[in-house]
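To start, the structure itself, in structure tokens.
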Amino acid sequence: MSGGNAPVDEAAATVLWEEYRAARPDRALDTEPPSVEVFGDHPALTDELLALVLDGTKRATASLVAEFRDEGQPLPRVGSHWIACDSAGRARAILRSTELRIGAFSSVDAAFAHDEGEDDRTLGSWVDNHRRYWQRVCPTIGIEWSDDLDVVFERFEVAWPPEVADD
């Protein structure tokens, strides 16, 4: 890994959100501004995962409940939005949560692994890759990795911008 992601551009994310709200007031019903996030923990992974979102392959993601707690973020809700940025901090897409489940790491299934769109999309590669990822992340948030940790399994749609949106 080389260096970290750039800070997210909150001002640009706000502009993207306001464009979406103006175009889709029927969908942009969040009472709070959406969180502005990146996938992954280093630039190459961030950009790889975002590319999978933008090309339509990735429509699910998983985060530890402890990661939300560490960042002081509320857990997502069905219908809530978040803004995905690239490794340079540029807001690239608004995502809308369509399905959420909290469960142990070991409760992931093959359908979810496929919808995450990563590697060869199999359950085995999902388990291996996510275990390695969270073994890196857990020490940075002050917890010890365990297969029993609670995971937020989230499916989403791309809501904005129109050229990559799902509808």
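For the reader, a short list of remarks on this structure follows.
- Just so you know, in the range 56-85 the residues that are polar (S, T, N, Q) and within 25 Å of residue 147 (Cβ to Cβ) include one that is least open to solvent (accessible area, probe 1.4 Å), and it is 61.
For every residue, the table says whether it meets (1) at positive phi; (2) surrounded by 15 or more Cβ atoms within 10 Å (Cβ to Cβ); (3) modelled with pLDDT of 95 or more; (4) in a loop (DSSP other than H, G, I, E, B).
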site	(1), (2), (3), (4)
11	no, no, yes, no
16	no, yes, yes, no
21	no, yes, yes, no
28	no, yes, no, yes
32	no, no, no, yes
40	yes, yes, no, yes
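- Candidate set: the range 122-167, residues that are of a type in the set (Lys, Arg) and surrounded by 12 or more Cβ atoms within 10 Å (Cβ to Cβ); chosen: the one nearest to the chain's Cα centre (by Cα): 155
- Residues in the range 34-50 that are farther than 19 Å from residue 12 by Cβ and over 11 Å from the mean Cα position of the chain (by Cα): 41, 42, 44, 45, 48.
- Where residue 104 falls short, out of the listed (1) surrounded by 13 or more Cβ atoms within 10 Å (Cβ to Cβ); (2) at pLDDT 95 or above; (3) under 28 Å from residue 144 (Cα atoms): (1)
- Within this structure, residue 98 passes the test of being open to solvent by 10 Å² or more (accessible area, probe 1.4 Å) and within 30 Å of residue 11 (Cα to Cα).
- Among residues of the range 103-118 that are among the aromatic types (Phe, Trp, Tyr), those with a Cβ under 9 angstrom from a residue that is open to solvent by 60 Å² or more (accessible area, probe 1.4 Å), sequence gap 6+ or separate chain, pair up as 105/131; 105/148; 105/150; 112/101; 112/123.
- Considering 100, 95, 149, 123, the condition of being of a type in the set (A, V, I, L, M, F, W, C) and in contact with a Cys (Cβ under 9 Å, 6 or more places away or on another chain) is satisfied by 149 alone.
- If you check 11, 6 for being among the aliphatic types (A, V, I, L, M) and free of Cβ contacts under 8 Å to residues at least 60 places away in the same chain, only one passes: 11.
- Only one of 84, 62, 93 that is at pLDDT 95 or above, closer than 18 Å to residue 27 by Cα and under 10 Å from the mean Cα position of the chain (by Cα): 84
The values are calculated or read from the model by the stated rules, or taken from the named source; none is laboratory data. Source: prediction; values computed, not measured. Reconstructed Cβ throughout: ideal geometry from the backbone, glycine too, with neighbour counts over all protein chains shown. Remember, those area values only see protein heavy atoms, side chains included, never the ligands or the DNA or RNA. Shrake-Rupley method; radii C 1.70, N 1.55, O 1.52, S 1.80 Å.
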